[in-house]
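The values are calculated or read from the model by the stated rules, or taken from the named source; none is laboratory data. Model, not experiment: these values are computed from the prediction. Cβ atoms come from the backbone with ideal geometry, glycine included; neighbour counts cover every protein chain shown. We work out accessible area using only protein heavy atoms, side chains counted, and drop any ligands, DNA or RNA first. Shrake-Rupley method; radii C 1.70, N 1.55, O 1.52, S 1.80 Å.
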Amino acid sequence: MKPTIQWFVAVVFLAVVASHRANGVIQCNDAVSKVVPCETYLLSGDITPSVACCTAVQDLDKIAMASQPDRKAICECFKETAKSFPVNLEKAQKLPDLCKVNIKVTINPNVDCDRI
């Protein structure tokens with residue numbers, strides 16, 4: 001396993017262990033752990049996302065669509081998380097179409113999460 005992927009998995013694992021959901025709003029570590037199946041697509045050379053990745057994206061989309069606070073929390077989470085990992089932004093932008101979800105948020109590190 002490459003050091004970058006090991007680091008990613010370790011951070012996600014520690015985040016999940018240290019987490020607990022408060023006030024019904026998804027916690028960042030929970031959101032990140034949901035998309036772990038997408039790491040080989042977002043961080044390495046996989047050309048298309050796996051079925052497990054798309055299932056995870058669809059599940060996360062359902063959470064995001066349930067409430068505005070969850071959408072904002074997910075937005076802020078991935079905005080910050082993307083700064084720590086070498087996520088391929090072009091691939092991340094294609095993920096909603098490839099996984100057949102219709103998100104209303106631009107996948108961009110400069111997105112204003114207060115406006116979603």
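Things worth noting here:
- Which listed residue is in contact with a helix residue (DSSP H, G or I) (Cβ under 8 Å, 6 or more places away or on another chain), free of Cβ contacts under 8 Å to residues at least 40 places away in the same chain and among the hydroxyl-bearing types (Ser, Thr, Tyr), from Ser84, Ser33: Ser33
- Within the range 76-86, not a single residue is touching a Lys or Arg at 6+ places or on another chain (Cβ under 9 Å) and modelled with pLDDT under 90.
- Any chance Gln6 is at pLDDT below 90, on the phi < 0 side of the Ramachandran plot, more than 10 Å from the chain's Cα centre (by Cα) and polar (S, T, N, Q): yes
- Considering residues of the range 94-112 that are closer than 19 Å to Leu43 by Cα, modelled with pLDDT of 90 or more and not hydrophobic (A, V, I, L, M, F, W, C) only, the residue most open to solvent (accessible area, probe 1.4 Å): Asp97
- Here Asp70, Asp59 are screened, and the one residue that is modelled with pLDDT of 90 or more and crowded, with 18+ Cβ neighbours inside 10 Å is Asp70.
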